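Can you read through this structure? Questions will come right after.
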Amino acid sequence: MKSGSNIFCERIIYGSILVLLVIITVVMSYAYIHSAQMSKSLRTENETLTTDAHALTEKLARSNAIIEDLTKSFPGLSPETVDEFRRRGLSDPQNDIIADLGSHEELMPFRGIFGARPSFYPDVRMYVLNSRWAYASFNDGSRLGQTLLEYTVSERGVITWRVIDKAVFESR
């Protein structure tokens with residue numbers, strides 16, 4: 001037979017264990033509910049960001065397609081202009097003009113940062129639009145942009161440039 005003090009000690013121990021189990025259950029339930037809410041919030045934010053990324057990717061693709069269509073819709077140099085520029089000393093006028101533009105960093109609307117040198121995108125996004133204008137995209141790794149330029153070819157075949165307009169964007 002157990003004494004009264006032993007029964008009392010057992011009840012205290014069982015009661016303490018029961019209180020401890022209740023506390024653990026409450027804490028675990030709160031953690032589960034909180035993690036479920038956090039998980040739902042993160043899933044919603046991920047879905048939103050994914051949707052935004054897809055929308056921006058589509059917008060960029062459409063913009064690039066428009067730029068490509070616009071630049072390809074310009075006739076470039078007419079046969080008469082090609083002949084005239086050859087007479088002035090350019091052996092391959094279209095490519096000579098693009099090569100000359102690529103060598104003119106001073107036409108960039110900004111200087112490179114952190115040691116980067118701004119540059120035009122050679123061959124890909126440099127276009128001779130007509131006998132007076134050219135278009136080029138450029139970047140320095142953190143900023144990118146587009147520029148519309150006017151050029152002239154002197155009687156000696158020297159090409160001079162003037163920036164007509166530009167757009168500069170921060171890369172992300």
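Readers should treat all values here as calculations from the given coordinates under stated rules, not as data from a laboratory. Note that the structure is a prediction, hence the values are computed from the model and not measured. Ideal geometry is used to build each Cβ from the backbone, glycine not excepted, and the neighbour counts take in all protein chains shown.
Could you give the length gained on full extension between LEU56 and ILE12, defined as 0.36 nm per residue of separation minus the Cα-Cα distance, in nm?
Roughly 9.4 nm would be gained on extension.
Taking the Cα-to-Cβ direction at VAL82 and at ALA31 and moving 7 Å from each Cα, how far apart do the two end points lie in nm?
7.5 nm
Pull up all non-local amide H partners of ARG132: gap of 5 or more, or a different chain, and H-to-H distance under 5 Å with H placed in the peptide plane.
none
Calculated FRET efficiency, GLU155 and GLU68, Cβ-Cβ r, R0 35 Å, to nearest 0.05?
The value I calculate is 0.55.
Still on this structure, I have one more. Distances over 19 Å make up what percent of all Cα-Cα pairs in the range 1-74?
Of all Cα-Cα pairs in the range 1-74, 70 percent lie more than 19 Å apart.
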